[in-house]
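Step one of this worksheet: look at the structure below.
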Amino acid sequence: MIKKLAEELKNLESLPEGISLGVNDCDFSVSEADNEVPAVTAFKNNVSRMKQLLSHDFRRPPPKGGTSDQESIGSERKRSSVSSGRRSRIHREFLSRFVDSQTLTARLEDWFELISEQSGQKMSAFDVPFELIELQKFDYALEGVSFQQLVRMPNAVYASTSDAAEATAHLAIEDFLHASVKGLWEAFWNQDDPMPFSVACLYNENLKFYQAEKAIGNGKLNGLCATGLLLNNPRHPHGKWDHILELALLRPHIRSVAAGSDRQLSLSVLGEALFYALRILLSRSLSTLNFCQSPNCAYVLLVDSQYGGVVKVEGDVDKLELDVCNVYDCSVDWIKKHCKVSVSPIDRIWNKLGNANWGDIGALQVLFATFHCIVQYAGMPKHSIEDLAADHGPRLQTRRVARQLGDSRVNGHGLFQFQQRSVSPEIVEVPDESIQIKYEEFIMKLEVGSVLWLEDSDQQKGYQINDVVHNNEMWYYIASPVKDPGKSLFLYVGSHPYQLEPAWEDMNLWFQVQRQTKILTVMRQKGLSSKYLPQLSASGRIVHPGRCQKPSSGGNCDHPWCGTPILVTHPVGETVADMVNAGGFGLDEAIRCCHDCLSALSSTSSADIRHGDIRPENILCVKSGVRHPYFVLVGWGHAILEDRDRPAMSLHFSSTYALQERKLCSASDAESLVYVLYFACGGALPDLDSVEGALQWRETSWSRRLIQLKLGEVSTVLKAFADYVDSLCGTPYPIDYDIWLRRLRRNIHDDGLGKEADTSG
C-alpha cells in the first residue's frame, strides 16, 4: 500500500516553486504486515490532503472580491499549459519511437499500390514539385552565378559496389551540396557575410551527423544513410533535426527510373524519403526556431553517382495523431489524409566524368529545392529570382554580339535574324564570310497591311495587321478579320515551342499567349462572361507559307513558323500606362477603373480564379463604339488556378503577400489595384531594385498613410477603399465586392451609368 502511495506522490505534477515533498529521499520499503498499522492509514489521509493543497495556485494571492469567472479563467490557463506540456512530451516520445524506415515503408504498400493504379497510364503517380517555367526562370537567374569548382566528384565510369566507390560518392555529394548552398547564398542573399550552413553525413545507428571524412575514417561508412544540409550550431556539433534544411539519400540505380524510362520510383526508395521527411517535420514542430516561411514542407533529394531527383513532402503535422503505442500506423494515416507528395523526374546531375552539370535540368531541380529550403530559414532573398533573371536579355545580347550573330535587336516582326558562324567563338574566332547562312526568307514579316492565317478548330481564319504595338516587354498587333474588316482585335504571336536559346521576352510571350489561352478557355468553360473581362476570339497555330511536312504522328515540320501559337482577343483599347503618359487619366477614370476592375475580379473569384499580375499595362480603357468608356482587366497569363501556380512579380505593383510568399491572399489583387490607382493618380513610385526594398517601401507607405492620402486627393471613396484593403492585406478574409461596387457606382458621374454598369458580368 505504502509503495503505491509513494508512487502517487512521485507522480504529482505542477508543484509550485519552492515546495518540495522530499519523496525521493524517503524509504518506503515496508512489509505487507505494515498495511494494517494506523500510521499507514494516517499517511494515506495525508496524501489525499496534500493533493488538495497542491491543487491551489500559490503563484497569486486569493482574489479580493474576485468572481468565479476569474477563477475559471485562471484554472483554464493552468489546464491549457499542462495540456500543452503533456502534448509536447507525447510529441517527443512519438519522435523517439519513430526510428525505423522499413516498418513505415512496409505499411505504405497498400497506399502505394492504390495511387499507382489510380495514375493509370501517367508516367508518374505524383505531381512534380516545380513547373518547367519556374525552372526556366531560375535557370536565367543562375546564368551569372559561379558555383565553386568541385574537388571530389563521383566517377560513374569506375563506379561499383565497392566501399571505395561508396565513400567517394558520399564525399562528392557533400561537396556538391556545399557548393550549391554557398553559390545560392552568395548570389541571392549575402556575398559578404559567411554562409550560415554546413553539410554533414547522417549515421543510421544514432541518427547523428558527422563529417564524411571523419565518419569514413572511424569505420562508419556502412552506417551512413544520408547527407544533410544544416544550420551552423557550434553547441551541437552532431546536428539537430530541427536544423536540417534538406537531406540527400544516396541510393544506387536511381538512374533506372530516369526521365524517358517507363519505370516509376520504387516504394522502398519513396518510403525512405517519406520517413526522413516526416522526421524533419516532426522535429520542426518541436523547435524553438523562428521560421521565416512555413516549416510544413520538407525536401529530400535522391541521388546516385550520376542522376538525382527531388521529393517534396508538405503537410500539417499538428493533424498527426500522436499515439506513442502505434507510431507507424498513425504516420501512415497522416500521409494518406493530410500529406501532399511531389516527385520530380530523375535526371542527370553529374556527367560520366563526375563533373556537375550545373545548367542541366537535373541539377536545376536540386538547386531550386535547396533555394526553397534556404528561404524557409533565411527568408526572402535580397536579390529575387526575377531581379537576376531580368539580366538574361542583356547577357544574351552580349553573347550574340560576341559571336557576330548579326542584329540581335527585336525587329518589327517580333523575331530574331541570325547569322551563324561555322566555328564556335569559345574555341577560336574565324571570320569566314563564304559560309554564312542567312534565314531571311524564313523570318516572319508581320507588317501593317500583311495578312496572317491561323488554324483554329480545323478551320483557317485570316487577319489583316492594322497596327504594330510594343509595351516595353513584347510586340503585339491590332488586326481585323479578313471577313469583317471593320472589327478590331488584339493579336498575339507566341514564341516557337522549339526555338533555340529563348530570350527573356519569350517567357513573357509564353504567359501572354499559351498560358492566357488556357485561362480564357477555362473562363469560357465555366461560363464567365463580363464586359470587363477579355474575350477569346480565336486561338491556334499559324499557317505558314509553302507545304507543311509535319509528321503524321504530330509535332512540327522544319519550317521556322510551324507550330507557332497565335491568340486573338477583344476588345481593343488604350492601356492605363499610356493614358497616364498622355495625361488622360483623371477623377472619373480613377473611380470607373476601380469599379470595372473590381467587377472583373468579382466575376472570376466566383470560379476561384485570381489575376496575379495587375499593373497599368494590363488594364485597358475601351472607348471605341461605346457610349461610355469602360475598363477591361487583361493579361491573365499569370492567373492562379491552383495552389502550385505562382503570380507574376512586380516590385511596384505586386501585393505584399505575393512578394513575401510567392502566393496570393484573398486581397492581393485588390492591393495591386490600389497601387495602380496610386500611380495613375500621380503617386510617386521609387526606384526599386530588390524585393527587400519593395517591401520596405510598402511598409512605409501604408504606415504613414501616404497611399490613402494621395487617393484622398482624388476621391474619398478611393481613400476609404484603400483603408479597407489595408485592413485585409495578408489575411484570409475575402473582399466584399458587392458593397464596394455599389459605393463606387454611386460616385461615377456619367449620366445613366448607374443603369448601365454591370457588376455581375
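Computed from backbone phi, the HN-Hα couplings of region 722-734 come to 4, 4, 5, 5, 4, 6, 9, 4, x, 9, x, 6, x Hz, rounded to whole numbers (Karplus: 6.51 cos²θ - 1.76 cosθ + 1.60, θ = phi - 60°; Gly and Pro given as x). A probe of 1.4 angstrom, applied to the heavy atoms of all protein chains, finds Lys337 with accessible area near 140 square angstrom.
How much length, in nm to one decimal, is gained on full extension between Lys336 and Val469, taken as 0.36 nm per residue of separation minus their Cα-Cα distance? Fully extending the segment from Lys336 to Val469 adds 42.7 nm. Output the Kirkwood hydrodynamic radius of region 634-761, Cα pairs only, in Å rounded to one decimal. Result for region 634-761, one decimal place: 15.8 Å. Computed from phi, the 3J(HN,Hα) profile of region 678-691 under the Karplus parametrisation 6.51, -1.76, 1.60 (θ = phi - 60°) reads 4, 5, 5, 8, x, x, 7, 9, x, 6, 10, 10, 7, 5 Hz, with x in place of Gly and Pro. For Phe197, the amide hydrogen comes within under 5 Å of the amide hydrogens of Asn232, counting only partners 5 or more places away or on other chains and with H modelled in the peptide plane. Close amide-amide hydrogen proximity is noted between Leu245 and Leu229, Leu230, Leu231, each under 5 Å apart and 5 or more residues distant or on a separate chain (H modeled in the peptide plane; Pro and chain starts excluded). Residue pairs exceeding 22 angstrom between C-alpha atoms, taken from Lys137/Lys182; Lys312/Lys337; Lys487/Lys526; Lys461/Lys487; Lys137/Lys663: Lys487/Lys526. Here the simple spin-label model places points 7 Å from the Cα toward Cβ, and for Arg92 and Leu695 these points are separated by 3.2 nm. With equal scatterers on the alpha carbons only and no solvent term, can you work out the Debye log10 of I(q)/I(0) for region 231-369 at 0.14, 0.16, 0.17 1/Å? So the normalised log intensities work out to -0.72, -0.90, -0.99.
Modelled label positions at Leu114 and Ser287, each set 7 Å beyond Cα in the direction of Cβ, lie 3.1 nm from each other.
Of the chymotrypsin sites (Phe, Trp or Tyr not before Pro) found in region 627-711, no site is in coil according to DSSP while having at most 14 other Cβ atoms within 10 Å of its Cβ. The orientation-averaged shadow of the Cα convex hull for region 169-274, equal to a quarter of the hull surface, comes to 8.3 nm². For the residues Trp111, Trp453, a 1.4 Å probe over the protein chains yields an accessible-area ranking, largest first, of Trp453, Trp111.
Amide H contacts of Ala226: Leu202, each under 5 Å away and 5 or more positions distant or on a separate chain (H built 1.01 Å from N in the peptide plane; Pro and chain starts excluded). The residues Phe112, Phe94, sorted by heavy-atom accessible surface at 1.4 Å with ligands and nucleic acids left out, run Phe112, Phe94 from largest to smallest.
The values are calculated or read from the model by the stated rules, or taken from the named source; none is laboratory data. Every value quoted in this text rests on a predicted model; they were computed, and no experiment measured them. Virtual Cβ from ideal backbone geometry, glycine too; neighbours counted across all protein chains shown. These area figures cover heavy atoms from the full protein model, side chains too; ligands, DNA and RNA do not enter into them. Shrake-Rupley method; radii C 1.70, N 1.55, O 1.52, S 1.80 Å.
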